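To start, the structure itself, in structure tokens.
The values are calculated or read from the model by the stated rules, or taken from the named source; none is laboratory data. Note that the coordinates shown come from a computational prediction; the quantities given were computed from them, not determined experimentally. For neighbour counting, all protein chains shown are included, and Cβ atoms are generated from backbone atoms with ideal geometry for every residue, glycine included.
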Amino acid sequence: MIRFDNLTKIYKDSNTDVVAINDLSLSFKQGEINIIHGKSGSGKSTLLLMAGGMLKPDTGYVYWGDNNVYKTSSLKRNRLRASYVGFMFQRFYLIPYLNVYDNIRYPLTLVGNENPKKRISELAERIGIAHRLTHKPHQLSIGEQQRVALCRSIANNPPILLADEPTGNLDVENSKILIDILKEEAQNGRYVIIVTHDDRVLEIGNRVIHL
Amino acid sequence: MLFKIVFSQIKQKLLVTLMLLIAMIALVSLYVYIKNTSQFTNRSMELIMKDMGHNYNLISKDCKKIDSYLINNNQVYFPISQSDLLLKERKMPSKYYVAMQQERLVVQNTEIILSGIKPLGGNFESPEKRNLLDAVKRNEVRLGADIAKSLNLKTSDTINIEGKTFKVATIIPYNGDIDDYRVWANIEDTWEVLGNKDSINILLAFLCMHGTNLENLLVQQQILLKATTPNLQQIIKMPIAKGRDKARQSTNKTLINLFYIISLITIIVISVTGLYEVHERRREIGIMLSMGTSYLKIIAVFLIRILLLAIIASIIGFFIGSFLSIWITSSFLETNTQNISIIWSDFPTALGLTSLFAIIAQLIPVIKMLSLDPVRILVED
Ligand SMILES: Nc1ncnc2c1ncn2[C@@H]1O[C@H](COP(=O)(O)OP(=O)(O)OP(=O)(O)O)[C@@H](O)[C@H]1O
Ligand SMILES: [Mg+2]
């Protein structure tokens, strides 16, 4: 479902070129949790952004299913992303003026599902924020916000789930809740790729990729 | 969802949105107010000008102007049929004429100017486009104020002029000129009294003169007259027409410049607010784009919101501007052809232009937004 072919990304500057990713090819198995590991500056975030269709590699290809991501127009890429990829940022980035319900609903409307009540209450129930649906993001704790962000990224049932340091801001307890959900999501048949420093997340990985 | 986002954004930034709305309302109000006021003033000027009387008179080419001014016995008669030539000439700026026979007489030791008139020209088109004088009925007269006073006459009294008896139909209020000494009658009656049947010694007309260049127009007029009725010469009293033309031009010029200034301010206010907003919302925009939202949808949010504000601002601004102009001018301006009231026909223009400028102005922040790279925004901090 997701595959990297000879990816290279070089950040070019006037003085120095930074080689963030060098000729990397990877394929992934359905239902597996893939952990990307490496020291700071090794290009983990860069790789994830390229995987998510948000950063064009200098050479090489990213595939979502049969779609060569960077060979399609940006308009089509946007549409594909809405149905193929769920992306979690370290800083969740919820939309501040929409309540929890609408934050989760938003990606669903992008694929034409305007009234996904059942799906949202199901999801909210599972991650324990069902009673907070009418609240705005700023009324939630950090852990709750990250759970909403996770909910949002999987609301569409995207086959691919990408997460950059999903537990980076969380305490032990919230991390555990989140890790459990990620595990479940993988078992439900998603392709999961996580960038992390967190040892507890490392533990649940089926495969660790060192950069 | 689109409208939900629009309204949620408005709610989130209520104060900024309100300020923007108020600024837009103020600009629309100001323009509507000034436009209405100048239109009412212009109409009022027209009435004042007409009250000053005929400004375009035609006399025989063989008559010295001074003889006509003094209304003495050296005035030269010409056939009334000359006016047919003028009426037939479509290019003449006046479609209405008053044929007049005027002579000085003494009645009961009082000097009068007997003025037999016949209004000429088609049916009155509108209150504005019509003869300044109405016909006088046979055997009736209208009296100038000084004559009525000297002869001690009231309405319905009778007066004998050269053996013919007339009934006083109206007494005209003081005018402060020679008209106060006129006795207006039907021209058929004056022909009976004074002779010279089917002849007149002056044709009265009225020119509005709203041409682009007044001087030019007068020259054209002279040429046209020469071709149409070579036996006549024109006497033009133009200061009022010129004054009105100048007033009209200066309001037009003021309005057009005001329009540019207001449009520019509107565009700047909206653009700056919009740029600020794009900056404030760059992360939200980034996250939406990263989720696969099309640029089109994000642009739509911006445009729908500004359009909404433009519609509200033009409605409220239109009414504020209209009421303000009515309230201020109605106490002292008098108009005939247009009431001092809301000019509804201006509303679509106000709505259309405000919306158009709002959208144009919003395109600047939209273009700025299009240059946003979602990744750059989301990883920069
Ligand atoms: N926009 C950029 N311009 C220039 N260099 C960049 C840019 N973005 C990243 N880099 C460089 O590319 C390298 C890889 O960056 P990346 O963010 O992928 O690292 P990372 O593995 O995610 O690090 P961390 O663990 O600290 O988040 C780093 O050396 C970084 O400085
Ligand atoms: Mg990183």
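Tabulated data for the structure shown
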read-out	value
Tally, over the range B:150-185, of residues that are surrounded by 11 or more Cβ atoms within 10 Å (Cβ to Cβ) and not in a strand (DSSP E or B)	14
Count of residues meeting criterion [within 14 Å of another protein chain (Cβ to nearest Cβ), surrounded by fewer than 12 Cβ atoms within 10 Å (Cβ to Cβ) and not in a loop (DSSP other than H, G, I, E, B)] in the range A:118-144	1
Condition met for B:Asp51 (away from chain A (no Cβ under 14 Å), surrounded by 14 or more Cβ atoms within 10 Å (Cβ to Cβ) and without any contact (Cβ under 8 Å) to a residue 40 or more places away in the chain)	no
Scope the range A:180-211; condition under 14 Å from the mean Cα position of the chain (by Cα) and either within 16 Å of ligand 2 (Cβ to nearest atom) or within 14 Å of chain B (Cβ to nearest Cβ) (or both); matching residues	A:Ile193, A:Ile194, A:Val195, A:Thr196
Qualifying residue in the range B:330-345 (condition: buried (at least 17 other Cβ atoms within 10 Å of the Cβ), modelled with pLDDT of 90 or more and part of a helix (DSSP H, G or I))	no
Whichever residue in the range B:137-149 is of a type outside the set (D, E, K, R) and surrounded by fewer than 18 Cβ atoms within 10 Å (Cβ to Cβ) and, among such residues, is nearest to B:Asn109 (Cα to Cα)	B:Ala145
Scan of the range A:6-21 for residues that are closer than 23 Å to A:Gly205 by Cβ and either more than 9 Å from ligand 1 (Cβ to nearest atom) or part of a loop (DSSP other than H, G, I, E, B) (or both), ordered by number	A:Leu7
Out of A:Lys56, A:Lys44, sole residue that is without any contact (Cβ under 8 Å) to a residue 60 or more places away in the chain, basic (Lys, Arg) and either surrounded by 12 or more Cβ atoms within 10 Å (Cβ to Cβ) or away from ligand 1 (no atom under 16 Å from the Cβ) (or both)	A:Lys56
Test: A:Ile194 is aliphatic (A, V, I, L, M), closer than 30 Å to A:Asp66 by Cα and in contact (Cβ under 8 Å) with a residue 60 or more places away in the chain	yes
Unique residue being within 28 Å of A:His37 (Cβ to Cβ), within 13 Å of chain B (Cβ to nearest Cβ), charged (D, E, K, R) and out of contact with any strand residue (DSSP E or B) (no Cβ under 6 Å at 6 or more places or on another chain) when the list is A:Arg147, A:Arg79, A:Arg105, A:Arg91	A:Arg91
Options A:Gly65, A:Gly53; residue that is more than 16 Å from ligand 2 (Cβ to nearest atom) and within 14 Å of chain B (Cβ to nearest Cβ)	A:Gly53
Residue check for B:Asp134: acidic (Asp, Glu), closer than 22 Å to B:Ser68 by Cα and under 38 Å from the mean Cα position of the chain (by Cα)	no
